[in-house]
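Undergrad: Here it is: the structure, laid out below.
The values are calculated or read from the model by the stated rules, or taken from the named source; none is laboratory data. Here the structure is a predicted model, which is why all the values come from computation and not from measurement. Cβ atoms come from the backbone with ideal geometry, glycine included; neighbour counts cover every protein chain shown.
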Amino acid sequence: MRHEDALYDARDGVPEARRQAALLARIAAVLKLTETERAGFDMVALRALPLLRKSDLPALQAALPPFGDLVHQEPGRFARLFLSPGPICEPQLPAPDGSNAARALHAAGFRAGQIVLNTFNYHLTPGGFLMDEAARALGCAVIPAGGAGTEQMLQVLARYRPEAYAGTADHLNIIARAADAAGLPFPITRAVVSGAAVPASLRAAFRDRGVALFELYGTAELGIVGYESAEGSGFVVNEDLLVEIVDPATGLPCEDGTAGELVVSRPDPLYPLIRFATGDLSALAPPPAGSPRTAPRLKGWLGRVDDTVKVKGMFVHPAQVREIGQAHPEVGRLRFVVSRADERDVLTLEAEVDQDAGADLATRLAATLRAVTRLGGTVRLMPQGTLPTDGKPIVDARRYD
């Protein structure tokens, strides 16, 4: 058995019908259904419930701070409270591994005694703590690097020689190239990455370095939803989650293999999310023949239902284009263009301007771009009437094949 095929616990291998029945029973319990109602609660009954859209959370929480009416515990009784872009408030669920991420790291070969370089952000958002606690639950030592600079990362590589990594694939590539330039050995041999789809060319580059790369899919609200256990076999749906793929237009279930919106139910008694519509596109597939993990597979992240895209692990959405335009009324039409260069995401703001626009306009637009998106980017000033009239505020020009 390969290292990554070792099961985390017996639940990884239970028959799928039994797993689904247990999850449906837990969902019925958090819904406080009567004993009679619970007996008849099945997937048909679940699909009759309304969707809770992630995009609705900011308004729900603003009306009844901080969590709307979704969380069944006072905020002060949680260990940590997060504020993700949206803004969306999230509590940290109480458990040694509240987001169930240790199962995903175990599948990637993380084991007790290993040193993990964790570059996910620890500031306000849950990613850094999620991976930190999961790795420590497995007995790993964690270097809480977060967003530390490249020079500090090189010092960490030289002094601690971490063999495992958690963060974005692009950031790992930056660290690896910096190590090459400094003449330092690169000790990392396995990595869990998330935040953006990984191009095939970047996967190949890591493979050539001897780095086993395992991609994760998750959200701040749900934790890790799916994870790779072996390259090319899809994303294993995490235990304690029941997933559906629905047609974004009708809400009806899609057949296995057909892309649709990913809807997730998590029957946690403190923070239940039932039929949580993520806005992400994916597809379901059965587990490969002979796999010890019996959970269904997701075919990864296939895009967004709306025009929102991920850039450097952060969501960029049309409202941000409008916000920049409101801050600069002297500018005409605007759009974001997302591309790849040197194995990194590039965000460009294209803006139509008059010929007599001030010389400092590009600088001011760049500052607003960073303030609104929290991402650096370039500005391209263009004559009035240049941009297409297709109404698309965001163009994703990246290719991952």
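Undergrad: Of the residues Ala367, Ala351, only one is part of a helix (DSSP H, G or I), modelled with pLDDT of 90 or more and more than 22 Å from the chain's Cα centre (by Cα); which?
TA: Going through Ala367, Ala351 in turn, the sole match is Ala367.
Undergrad: Output the residue which, of all residues in segment 197-208 that are surrounded by fewer than 15 Cβ atoms within 10 Å (Cβ to Cβ) and over 17 Å from Ala108 (Cα atoms), is modelled with the highest pLDDT.
TA: Per the criteria, the residue is Asp208.
Undergrad: Identify, by number, the condition in (1) part of a strand (DSSP E or B); (2) of a type in the set (A, V, I, L, M, F, W, C); (3) more than 18 Å from Phe315 (Cβ to Cβ) that Ala230 doesn't meet.
TA: (1)
Undergrad: So which helices (runs of 4 or more DSSP H) stay within segment 57-143 end to end and still have 3 or more residues that are surrounded by 22 or more Cβ atoms within 10 Å (Cβ to Cβ)?
TA: 102-107, 127-137
Undergrad: Over 20 Å from Asp268 (Cβ atoms), modelled with pLDDT of 95 or more, hydrophobic (A, V, I, L, M, F, W, C) and in contact with a Cys (Cβ under 7 Å, 6 or more places away or on another chain): is that true of Phe120 in this structure?
TA: no
Undergrad: Let me ask something else. I'd like the full set of residues that are surrounded by fewer than 18 Cβ atoms within 10 Å (Cβ to Cβ) and under 26 Å from the mean Cα position of the chain (by Cα), limited to segment 144-153.
TA: Across segment 144-153, the qualifying residues are Pro144, Gly146, Gly147, Ala148, Gly149, Thr150, Gln152.
Undergrad: Scan segment 244-252 and tell me whether some residue there is crowded, with 21+ Cβ neighbours inside 10 Å and in the same structural domain as Ala135 (by TED's automatic domain parsing).
TA: yes
Undergrad: Can you confirm whether segment 62-72 contains a residue that is in the same structural domain as Val263 (by TED's automatic domain parsing), in contact (Cβ under 8 Å) with a residue 40 or more places away in the chain, under 22 Å from the mean Cα position of the chain (by Cα) and more than 17 Å from Ala220 (Cβ to Cβ)?
TA: no
Undergrad: For the subset of segment 324-348 comprising residues that are in a strand (DSSP E or B) and polar (S, T, N, Q), which member is surrounded by the most Cβ atoms within 10 Å (Cβ to Cβ)?
TA: Once the filter is applied, the top-ranked residue is Thr348.
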